[in-house]
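**Q** Structure provided below as structure tokens; questions to follow.
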Amino acid sequence: MTIGQALRRVRNNLGLTQQQMCEGIISRPFYAKVESGNNILNSESLVRILLAHEIDIIAFFDLLQDTYNSAENQMIKQLQTKISQAVNNKDLQALEKYCLDIIANSNSEILKLRAEVTLAYFKGKLDDIDKSTRRKLKDEFDEGRNWTKRPELLQLLANTMPLWSQEELDFLIGRLLDSINKTKFSELMLERYLRLFENYLIVSYDRQIHKKKGYVDHIRDVIDYIIGATAPFHLMIYRIEAIYMQALFEGKSDKAQSIRRNLSEYGYGKAIASWPE
């Protein structure tokens, strides 16, 4: 869908005339040609139109994905979605297929690293990852790369946590907490941080870090951050998972299982299949 076609769709959904859609921003004849594909709308005017009618900008740009995104990016996005579903469903056969597709077809070294480590982790073969790959991974998190604000590196860290030692992981999580507590960011970035913190809690629990006397970790800090950042209703699942993980860390298995049963009864059994027990 082109920008003009997307504008026509949202305008019709809102029940607006072309004049009402563009009033005070551009002329109606110019706007009409944008919808028909005969004029190009500059980015400032587009944003003003979207904001004037309280149109969800993320949803609007989702309409444009197939037209303006590269074929490779579309393919990779579809594979990433399938990988997430395979992980949630603990479907190793599907996971292996999708990860190998990315390794074979992507031009992104970062994406290949994510796929390689994810596959090795779920096959129990992390020890097979060579030193060269480990070095490439760690080089991506050099302090000068501003990794705490780069989505592709946040995703890389989230997917490769099992490959890091706990000391390295806690250092990075500490740097991330320090960074996000000092800056403002979008809700989209917040969800990226929340997904990364979810993975940190799961990896730390799998390693039973909370049972090591005297070890200083960020488990409590991360749980507190998630609970404090998830007041909006649509972020509720992140808060529930944080409370669930807190119960596991505290040895309150009855509370954790009660949360799990309730979510399963409400139809979220597959969504939480990858949560530790």
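**Q** If only one of 58, 83, 49, 40 is in a helix (DSSP H, G or I), open to solvent by 70 Å² or more (accessible area, probe 1.4 Å) and in contact with a helix residue (DSSP H, G or I) (Cβ under 8 Å, 6 or more places away or on another chain), which one is it? Lay out the reasoning, then the answer.
**A** Values: 83 fails: open to solvent by 70 Å² or more (accessible area, probe 1.4 Å); 49 fails: open to solvent by 70 Å² or more (accessible area, probe 1.4 Å); 40 fails: in a helix (DSSP H, G or I).
Exactly one of 58, 83, 49, 40 is in a helix (DSSP H, G or I), open to solvent by 70 Å² or more (accessible area, probe 1.4 Å) and in contact with a helix residue (DSSP H, G or I) (Cβ under 8 Å, 6 or more places away or on another chain), namely 58.
**Q** Quick check on the range 193-200. Is at least one of its residues under 16 Å from the mean Cα position of the chain (by Cα), within 15 Å of residue 276 (Cβ to Cβ) and open to solvent by 20 Å² or more (accessible area, probe 1.4 Å)?
**A** yes
**Q** Regarding the range 137-157, can at least one residue be identified that is open to solvent by less than 60 Å² (accessible area, probe 1.4 Å), farther than 25 Å from residue 87 by Cα and small (Gly, Ala, Ser)?
**A** No - not one qualifying residue is present in the range 137-157.
**Q** Give just the number: which of (1) acidic (Asp, Glu); (2) assigned to a helix (DSSP H, G or I); (3) at pLDDT 85 or above does residue 72 not satisfy?
**A** Going through (1) acidic (Asp, Glu); (2) assigned to a helix (DSSP H, G or I); (3) at pLDDT 85 or above one by one, residue 72 breaks only (3).
The values are calculated or read from the model by the stated rules, or taken from the named source; none is laboratory data. Just so it is clear, the structure is predicted and the values come from calculations on it, not from any experiment. Using ideal geometry, Cβ is built from the backbone for each residue, glycine included, and neighbour counts are taken over all protein chains shown. SASA here: full protein model, heavy atoms, side chains in, ligands and nucleic acids out. Shrake-Rupley method; radii C 1.70, N 1.55, O 1.52, S 1.80 Å.
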